[in-house]
Amino acid sequence: MLFSSVREDIRSVFNRDPAARSTAELLLAYPGLHAVWAHRTEHWLWEHGFKLLARWLSHVTRFMTGIEIHPGAQIGRGFFIDHGMGVVIGETAVIGKCVTLYHGVTLGGTSLEKGKRHPTIEDEVVIGAGAKILGNITIGSHSRIGANAVVVKSVPPNSVVVGIPGQVVVRSQPTGVGADLEHGNLPDTIGESVSALMRRMEEIEKRLNIHNEQDLYVGENGIKHPVHLHTPADGVWQGEDFMI
């Protein structure tokens with residue numbers, strides 16, 4: 001059973017990390033794997049009443065790998081932490097099968113209650129670097145959490161979450177884990193909404209023949225400067241003398 005689980009872990013790394021070159025490299029230089037293997041022992045000790053020893057060993061594991069997993073957390077098979085530095089997984093977190101986490105991810109609690117206070121991550125979820133998932137919420141299976149997103153509400157299956165606070169986009173059709181590793185392919189929900197409003201306003205101004213004199217300000221030299229931002233083209237915002 002143990003060796004079968006180890007082989008599955010190794011296969012999952014080869015399937016999800018193009019930088020993985022050999023089994024020896026994985027055994028010697030992948031702290032994410034080391035943290036998961038150590039957690040299995042620590043979780044067994046926790047479940048069998050050796051809580052202090054389990055906590056101490058998890059502290060040692062954090063020192064060695066930079067990854068903090070509470071021994072009470074429940075983790076499924078095929079779990080992969082890529083890079084891993086700064087990952088924190090709380091005591092009552094539950095993680096399903098074939099979940100992928102990147103560095104800086106927090107599965108944290110938001111309550112002082114002793115019960116379930118950390119997230120449940122269902123099967124085949126990918127969580128991008130720096131994302132924070134907080135509270136007793138559920139992330140539905142086959143979802144992708146964008147880098148640095150802050151998620152405080154449950155997410156349905158087959159969703160993409162981006163932004164702060166996390167904006168949920170339900171996908172029109174399911175996709176595989178391979179596609180979810182394309183971290184740059186994320187929707188810009190706020191930007192696209194603002195762009196749509198700006199396009200509509202510009203169309204209304206054209207129809208009403210509104211003069212844009214109000215979009216000018218007079219500088220110290222008496223020259224009028226435009227401050228109006230134009231609708232972005234190819235994702236780039238357009239504006240003259242635009243200063244932040």
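No value in this document is a laboratory result; all are computed from the given coordinates. Not measured: the values here are computed from a predicted model. Cβ atoms come from the backbone with ideal geometry, glycine included; neighbour counts cover every protein chain shown.
Numbers for the structure displayed
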| quantity | calculated |
| --- | --- |
| Additional length obtainable on full extension of the chain from Phe63 to Thr110, 0.36 nm per residue less Cα span | 14.4 nm |
| Chain lengthening between Arg55 and Ser22 when straightened (0.36 nm per residue, less Cα-Cα) | 8.7 nm |
| FRET E, pair Glu91, Glu203, Förster distance 45 Å, beta-carbon r, rounded to 0.05 | 0.25 |
| Segment 130-144 and segment 1-58: distance between their alpha carbon centers, rounded to Å | 22 |
| Hull-based mean projected area of segment 1-45, where the convex hull spans the alpha carbons, in square nanometres | 3.2 |
| Computed label-point distance, nm, for sites Val6 and Ser154 using a 7 Å Cα→Cβ extension | 3.9 |
| Percent of Cα pairs exceeding the 20 Å cut-off, where the set is segment 1-152 | 45 |
| Residue-count net charge about Ile95 - beta-carbon cut-off 13 Å; Lys, Arg +1, Asp, Glu -1 | -1 |
